[in-house]
Amino acid sequence: MRKNVRNLLLQGLAAVLLAGGALGAVNATGDQANASTKPGPRTGSHGTHTEPTGFRGVWPVLKTGSRGTDVQTVQHLLAARGHAVKADGVFGKKTAAAVRSFQSRAGLRADGAVGPKTWAKLTALTVRGGDRGHAVKAVQVQLGLKADGVFGKKTAAAVRTFQTKKNLPRTGAVDAKTWNALITGSFAKPVIKGYSLQFSKNWKSPTYSKLSLVRDGKVLKSWRAGSGMGSKDECASGKGWLPSGSYRVQGHFTNRDGDAIDGYAIQLPDKTCRPKAGTKQKPVKRTQLFIHSEMTRYGTQGKDTPGRDDADRWENANDYKSLGCIKLTPTDIKDLFKRLDQARWPKNLTLYVR
C-alpha cells in the first residue's frame with residue numbers, strides 16, 4: 001500500500017515537472033527557444049563570454065553592400081568567433097556567408113543581415129586589459145585607435161574616457177552596455193535609411209557642435225550648432241546640453257509663439273538624462289526641447305536694443321548658447337526647413353544625438 005502511494009506521488013511530481021518544462025518552452029522567445037543551451041567560452045584571449053542585457057541605443061542594420069566602421073567591427077567580431085573574414089569594411093559575399101554561419105550556430109534566423117539580435121549575440125563578450133585578438137581590434141576600430149589587437153593602457157584609457165562621456169561605469173572594460181554605446185553611437189553611413197538628423201557634440205567647444213541632415217547614410221548638409229549654456233552636464237535642467245540618444249520629431253513650426261522660443265522650431269520629446277555612474281545625482285527629466293534659433297514669431301529679426309541681449313534677434317556667436325536645446329542661426333534653420341519641406345517632412349523623422 002505504502003509503495004503504491006509513493007509511486008503515485010512520484011508519478012505526479014514528474015508530471016508537474018514535465019508540464020513546467022513545456023510551459024517554459026512555450027513562453028520562451030524565438031532566440032531563447034532556438035539558442036544552444038551550451039555555454040560559450042568563459043575565458044580566452046578574445047574576451048569573456050557574457051549574456052546581452054539592457055541595451056539602450058538603436059543597433060544599426062548592416063547587409064550586403066554596406067560599408068564602413070561598423071562593417072569592419074562585425075568582421076573583427078566574426079573573426080573572434082573563428083570565422084575566416086577579412087576586416088576590410090566591405091560587406092560582401094564572404095562576410096554575408098560568415099554572418100549566416102554565425103547566426104545558425106547562435107540559433108538565429110540565418111538571413112545574412114546583421115540586425116539587433118545578431119549584434120546582441122556578436123557582442124556577448126567582455127574584453128579588458130591584457131586581452132588580445134580580433135575582439136580587441138573591434139573595440140579599437142570603434143574608438144578610432146590603431147587596431148593592433150592588444151588591449152593595453154592606451155586602449156583602456158580610451159575606453160574609460162568614452163564610458164565617462166556616455167555616463168557608463170568607468171571600468172575600462174568593454175561589456176555588453178559599452179559595446180552597445182560604442183556601436184549605436186558611431187552613425188555609420190549605411191545604417192539609417194531615409195532622412196534623419198544627427199547632432200554631433202563638440203566636447204572641447206560646445207558652441208562648435210554640428211547638426212547634419214542625412215539621407216540613407218549620406219550627409220546632405222551640416223550646420224554649426226550649439227546646445228546648453230556652456231555646461232556639458234546633460235542633467236543640468238535648463239542649461240545643460242541635449243542628452244545623448246534618439247529623439248522622434250514631434251512637430252515643426254514656422255510661426256511658433258512661445259515664452260522663449262519663437263518662429264522656426266522643431267519640437268522634440270522630453271528626455272530623462274542618466275547621471276554619471278557613482279554620483280548621488282538622480283535622473284532628471286529634461287523638458288521643452290527644441291531645435292530653434294533667435295527670431296520673432298514671424299521668422300523675422302526683432303529690433304536691436306543697445307546694451308541688451310535680445311531674445312528675438314541673432315546678434316553674435318554667443319547666441320549659439322541655449323536653455324538645453326539645439327540652436328542654429330536664423331539663416332541655417334531656414335535652410336534646414338527648406339530641405340525638409342522638399343523632402344515633405346518624412347514621417348518618423350528622428351534626431352540622433354551623440
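Just so you know, all these numbers are worked out from the coordinates, no wet-lab data involved. All figures in this text were calculated on a predicted structure; none of them were measured in a lab. Heads up, the Cβs are rebuilt from the backbone with ideal geometry, glycines too, and the neighbour counts pull from every protein chain shown.
At-a-glance table
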read-out: Rg/Rh for the range 120-230, where both radii come from Cα atoms and Rh is the Kirkwood radius; value: 1.02
read-out: Spin-label pair THR296/ALA84, simplified geometry with 7 Å Cα→Cβ offset, distance in nm; value: 7.3
read-out: Extension reserve of the THR164-GLU315 stretch, reckoned as 0.36 nm per residue once the Cα distance is removed; value: 50.9 nm
read-out: Sites LYS303 and ASP111 - FRET efficiency at Förster radius 56 Å, r taken between beta-carbons, to 0.05; value: 0.40
read-out: Anisotropy class of the range 53-135 from Cα gyration tensor, a/c 1.5 cut; value: rounded
read-out: Distance between modelled label sites at ASP259 and ALA97, nm, 7 Å Cα→Cβ extension; value: 6.4
read-out: Cα-based shape type of the range 311-354, given that a ≥ b ≥ c are square roots of the gyration tensor eigenvalues and the cut on a/c is 1.5; value: oblate
read-out: For the range 221-337, alpha-carbon Rg over 2.2 N^0.38 Å; value: 1.09
read-out: Trypsin sites (Lys or Arg not before Pro) restricted to the range 241-316 and DSSP loop, no more than 11 other C-beta within 10 Å; value: LYS280, LYS303, ARG308
read-out: Vicinal HN-Hα couplings computed from phi for the range 58-64 (Karplus, 6.51 cos²θ - 1.76 cosθ + 1.60; Hz; Gly/Pro x); value: 9, 5, x, 10, 10, 7, 3
read-out: Over 20 Å (Cα to Cα) - which of LYS165/LYS334; LYS204/LYS334; LYS146/LYS201; LYS271/LYS327; LYS239/LYS271 fall in this group; value: LYS165/LYS334; LYS204/LYS334; LYS146/LYS201
